[in-house]
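The values are calculated or read from the model by the stated rules, or taken from the named source; none is laboratory data. Bear in mind the structure is a predicted one, so any value in this text is a computation, not a measurement. Glycine gets a Cβ as well: all are built from the backbone with ideal geometry, and neighbour counts include every protein chain shown.
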Amino acid sequence: MRAAHGSIRHIRSGVYAVSESAKDAMGGGLYTPEQKKRRDETVWTLVQGVLAPLQFLVFAVSTVFVINFLMNGTGLVVATASVVLKTLILYSIMVTGAIWEKVVFGRYLFAPAFFWEDVVSMGVIALHTVYVLMWLTGSGSPQEQMIVALLAYGAYLINAIQFLLKFQQARSSRADSNRQNDYDDLTYREGAHS
């Protein structure tokens, strides 16, 4: 049996082994081999790898400042500055992430591999933008502004978890592929000695 460029092979036990490229061709993998190559070669992967943990660090510190302000009524300037900084980093990571997605998948947003992450990201951007607009125009009380910031942070946390799960899926897929390759090599050597 042959499909996806010979990547489905019959193994002596009667089980069919499906290589990673066949999984990708059938929609089972996160990246096709070409997409993996582009992902690994583009500088935008490194940019995302730097900005994502930086954004999370700023989010964690800012969350403490925002909650402190809401609980104690002190530290508004620091809380505001931290939310604005978090928002600027978010905008940066979204622009560079869209460029990364274009390089790797051929479209700026909503590539099938990251469709739902991008959908939630739009909500995250919208909530952060609402906060910034409230702050710039003086709409709502400082407490209301900080509540909107916390809502934006909640959406961001959900989105961050989505991406972490997606990257765990990619890592797991890579490990499965490596195990399959080891099994294929062993099966090939056993067959050669039969």
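The table below lists the values:
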quantity	calculated
Search result, residues across segment 84-117 that are among the charged types (D, E, K, R) and free of Cβ contacts under 8 Å to residues at least 12 places away in the same chain	Lys102, Arg107
Residues within segment 108-138 that are under 13 Å from the mean Cα position of the chain (by Cα) and hydroxyl-bearing (Ser, Thr, Tyr), tallied	1
Filter pass, Arg179 being among the basic types (Lys, Arg) and either surrounded by 12 or more Cβ atoms within 10 Å (Cβ to Cβ) or modelled with pLDDT of 95 or more (or both)	no
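Yes/no per residue for (1) touching a Lys or Arg at 6+ places or on another chain (Cβ under 8 Å); (2) in a helix (DSSP H, G or I); (3) modelled with pLDDT of 95 or more:
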site	(1), (2), (3)
Gly14	no, no, no
Asp24	no, yes, no
Ala60	no, yes, yes
Phe65	no, yes, yes
Thr80	no, yes, yes
Val83	no, yes, yes
Thr87	no, yes, yes
Ile99	no, yes, yes
